[in-house]
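Notes for the one structure printed next.
The values are calculated or read from the model by the stated rules, or taken from the named source; none is laboratory data. Bear in mind the structure is a predicted one, so any value in this text is a computation, not a measurement. Methodologically, a virtual Cβ is constructed for each residue, glycine included, from the backbone with ideal geometry; neighbour enumeration extends over all protein chains shown. Keep in mind that these areas ignore ligands, DNA and RNA; they rest on the heavy atoms of the full protein, side chains included. Shrake-Rupley method; radii C 1.70, N 1.55, O 1.52, S 1.80 Å.
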Amino acid sequence: MTEGINQAAAAAAATPRVRLEGIRKQFGSIQALRGVDLDLMPGEVLGLVGDNAAGKSTLTKVISGAYVPDEGRILVDGQAAGYTTPAEARAIGIEMVYQDLSLCDTIDVAGNLFLGREPRRSVLGLKLLDRQRMREEARRNLDALDIHVPSLDAYVEQLSGGQRQSIAIARAAAFAPRVLIMDEPTSALAVAEVEAVLRLIRRLAEGGTSIILITHRLQDLFRVCDRIVVMYEGTKVAERRIGETDLEDLVGLIVGGKAEKLKGHA
Amino acid sequence: MSTTPIYERRPTGPRYHDFLARHAQVLSIAAFFLLMVVLFSLNTNAFLSQANLLNLLRQSAPLIIVAVAMTFVITTGGIDLSVGSTVALVNALVAIALQAGVPWPLAVLAMLVLGGLVGLLQGWFVAREGIPAFIVTLAGLSILRGVALLLTQGFSIPIASDNWFVQIGRGWFLGLPFPAILAVLVMAAGALALSSTRFGRYVTAIGANAEAARRAGIGVQGVTMAVYVLTGIAAALAGIVIAARLGSGSSNAAVGFELDVIAAVVLGGTSLMGGRGSILGTCLGALTIAVIGNGLILAHISPFFTQIVTGLIILAAIWLNTKVFRGGRRR
Ligand SMILES: Nc1ncnc2c1ncn2[C@@H]1O[C@H](COP(=O)(O)OP(=O)(O)O)[C@@H](O)[C@H]1O
Ligand SMILES: [Mg+2]
């Protein structure tokens with residue numbers, strides 16, 4: 001009896017939360033992804049690095065449902081996931097902080113945090129937005145992330161780049177995601193805010209959330225990641241456990257292809 | 001001598017600054033509306049009379065009704081140029097139906113459904129097929145007016161004045177003209193829907209950043225189609241009210257109506273770029289346009305001036321809004 005449960009648990013632990021098989025995506029003549037395989041384990045923090053235009057954003061948008069791959073399969077918890085929209089991906093707990101933040105400038109902070117899942121209350125049989133609850137929960141979420149905004153009623157367009165980025169992060173992290181993808185989430189953040197994001201990543205991972213972190217701040221990867229994947233020109237070129245690599249190795253892997261190409265031309 | 005830096009949170013200014021900045025456009029159109037009212041009250045005796053004010057309300061009802069719906073369309077970043085032609089088509093068709101002996105409740109219902117279907121079809125081209133709203137509804141403007149002309153051969157079709165139908169345009173309720181009651185109801189429903197429901201929130205979100213809305217799981221296509229259904233139904237309602245008030249249906253009704261509607265919406269501070277809409281502003285904009293038309297006539301100024309003055313006022317108001325009130329905005 002207990003053995004069965006243990007086996008089930010072991011199998012569950014070995015089943016990737018997300019598995020990508022042979023993902024391809026083409027934009028006109030550009031092959032953004034040329035057959036990418038990737039496993040993301042439960043509670044794992046995966047760093048995704050690569051040169052600009054390597055295909056990092058495209059790959060993660062495929063996982064979040066923003067793009068539908070031309071070829072390849074996505075498995076979630078071992079099951080073929082048939083989602084084709086961000087709404088469906090979100091429904092099974094996949095959240096993403098997009099590189100362009102995807103905020104609505106003319107909606108207030110609390111409204112952006114709850115965009116697409118606004119709490120409602122019934123007034124005379126009409127379902128109206130529950131502003132009070134949105135505000136209270138928004139306050140709690142932002143406090144937990146050490147994010148200070150002048151006012152929750154402020155339109156997002158009134159905020160600084162770092163504040164906007166923080167709000168995009170808080171929105172993705174707030175609803176207990178099972179998979180959280182962050183595409184360069186710290187590029188506009190100040191030191192203390194970056195620290196808060198790294199703490200958040202560790203805390204969520206300990207709670208079982210699987211995380212993909214794309215960043216150019218390689219030193220951050222060593223502080224939070226379990227594993228690092230390197231992409232180059234639409235393919236996965238290397239995969240390293242964090243203990244097996246260091247900064248120099250990573251830099252070599254990221255520019256490696258380029259260095260070889262340069263050598264080849266010389 | 002250097003001073004020690006003091007780490008303290010910067011003080012925030014008074015909250016009413018934010019309030020003024022955010023509502024600048026509604027406040028400015030409100031001020032402008034009051035100015036017009038005062039001007040015409042001083043210059044004409046008839047303007048402030050109860051009969052004239054009630055008449056003004058009755059006449060501006062179709063404009064308000066359609067402008068409320070148009071606010072939703074423009075807030076998504078779209079436009080509906082076909083509303084005037086939809087008004088004409090419904091105006092003519094309802095008269096034809098009543099003349100053929102169709103009971104008025106059935107005729108009214110059928111017209112509202114027709115308006116909704118017209119909107120659905122246009123919304124489908126905009127939302128699902130990705131054709132610019134300007135193009136789709138420009139085609140609609142031409143086609144719908146053409147159908148109305150074809151059906152009536154250009155003749156006006158009378159509606160029997162003993163048919164209860166005409167009360168929709170001429171009747172009274174609680175001391176107010178019935179069309180005005182309709183307009184107030186539409187306005188209240190519109191204001192509530194835009195500011196306090198998910199639907200209204202999604203309309204704003206789509207206008208602000210449609211891709212962000214999609215990524216947040218919002219059914220962008222469905223909401224976009226819905227706003228055109230709203231303008232279609234509102235235009236049908238306006239066509240019914242106008243037919244009932246005039247006691248006839250004509251394919252030449254509401255020529256240029258779409259421009260008055262769009263002017264009312266834009267005067268009220270709704271951004272043509274999408275993402276910002278105010279129903280209150282729209283209603284003030286519609287009333288301002290109505291007051292100008294009415295006041296110029298009472299002041300015995302040639303009605304031909306009305307169009308010139310309306311145009312100038314729109315230009316001035318929008319110019320002020322962009323130059324003066326938008327200082328701190330990104331767009
Ligand atoms: N929506 C798109 N349309 C056309 N090309 C795109 C689109 N998205 C990405 N690409 C192209 O795909 C390649 C990979 O881009 P991206 O995934 O954004 O790279 P990264 O995030 O690693 O910098 C680039 O050459 C980019 O120009
Ligand atoms: Mg990118």
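Just a few scattered comments:
- Long-range HN-HN contacts of A:Val18 with modeled amide H, under 5 Å: A:Leu40, A:Asp77
- Distance from segment A:205-237 to segment B:13-66 (C-alpha centre basis), Å: 58 Å
- Rg/Rh (Cα only; Kirkwood hydrodynamic radius) as it applies to segment A:116-266: 1.10
- In the complete set of protein chains, residue-level accessible area for B:Leu20 is approximately 80 Å², probe 1.4 angstrom.
- Basic side chains Lys and Arg get +1 at the Cβ, acidic Asp and Glu get -1 at the Cβ, and with that the dipole of chain B about its Cα centre reaches some 1000 debye.
- Working note: Cα gyration tensor of chain A, eigenvalues times five, square-rooted, sorted largest first, giving semi-axes of 32, 23, 19 Å.
- A:Arg121 - accessible surface, heavy atoms, 1.4 Å probe, Å² rounded to 10: 110 Å²
- Percent RCO, i.e. relative contact order, over segment B:51-324, from Cα pairs under 8 Å lying at least 6 residues apart: 37 percent
- Ranked by the mean number of other Cβ atoms within 10 Å of their residues, highest first, the peptides A:193-199, B:128-134 fall in the order A:193-199, B:128-134.
- Rounded to 0.05, the FRET efficiency of the B:Leu54 and B:Leu121 pair, given R0 = 51 Å and the Cβ-Cβ distance, is 0.85.
- Here, segment B:177-229 yields an orientationally averaged convex hull projection of 3.9 nm² when only Cα atoms define the hull.
- Farthest towards the positive end of the charge dipole of the protein assembly as shown, among the residues A:Gly55, B:Ala51, B:Thr231, is the Cα of B:Ala51, using unit charges on the Cβ of Lys, Arg, Asp and Glu.
- Alpha carbon centroid spacing (whole Å) that separates segment B:73-101 from segment A:22-52: 51 Å
- Accessible surface, 1.4 Å probe, highest first, among residues A:Lys127, A:Lys236, A:Lys56: A:Lys127, A:Lys236, A:Lys56
- The largest accessible area among B:Ile314, A:Ile181 belongs to the first residue in B:Ile314, A:Ile181, and the rest follow in falling order (1.4 Å probe, all chains).
- The rule of thumb for compact globular proteins, 2.2 N^0.38 Å, goes into the C-alpha radius of gyration of segment A:9-112 1.16 times.
- Note on surface exposure: B:Met273, B:Met36 rank B:Met273, B:Met36 by accessible area, highest first, 1.4 Å probe.
- Under-5 Å amide H pairs with A:Val237, H placed in peptide plane, nonlocal only: A:Val230, A:Met231, A:Tyr232
- Table column - 3J(HN,Hα) (Hz), segment A:69-80, Karplus curve with 6.51, -1.76, 1.60, x for Gly and Pro: x, 6, 9, x, 10, 10, 10, 10, 6, x, 9, 4
- Compactness of segment B:51-324 is given as radius of gyration and Dmax, 18.2, 56 Å, from Cα positions.
- For A:Arg120, the residues whose amide H sits under 5 Å from its own are A:Asp130, ignoring neighbours fewer than 5 places away on the same chain, with H placed 1.01 Å from N.
- Using the Cβ of B:Phe257 as centre and a radius below 12 Å, the other residues enclosed give a net charge of -2, where K and R count +1 and D and E count -1.
- Dividing the Cα radius of gyration of segment B:22-141 by 2.2 N^0.38 Å, with N the residue count, gives 1.39.
- Centre-to-centre, using Cα atoms only, segment B:113-139 and segment B:175-206 are separated by 21 Å.
- A Cβ-based charge dipole, computed about the Cα centre of the protein assembly as shown with Lys and Arg at +1 and Asp and Glu at -1, lands at about 960 debye.
- Of the DSSP H helices in chain B, those with a Cα length along their own long axis of 30 Å or more and a mean Kyte-Doolittle hydropathy reaching -1.0 comprise B:50-75, B:104-127, B:220-246.
- Taking every protein chain into account, the 1.4 Å probe leaves B:Leu109 with about 100 Å² of accessible area, to the nearest ten.
- Relative contact order of chain A: 25 percent, from C-alpha pairs under 8 Å at least 6 residues apart in sequence.
- Kirkwood Rh and Cα Rg combined as Rg/Rh, the protein assembly as shown: 1.08
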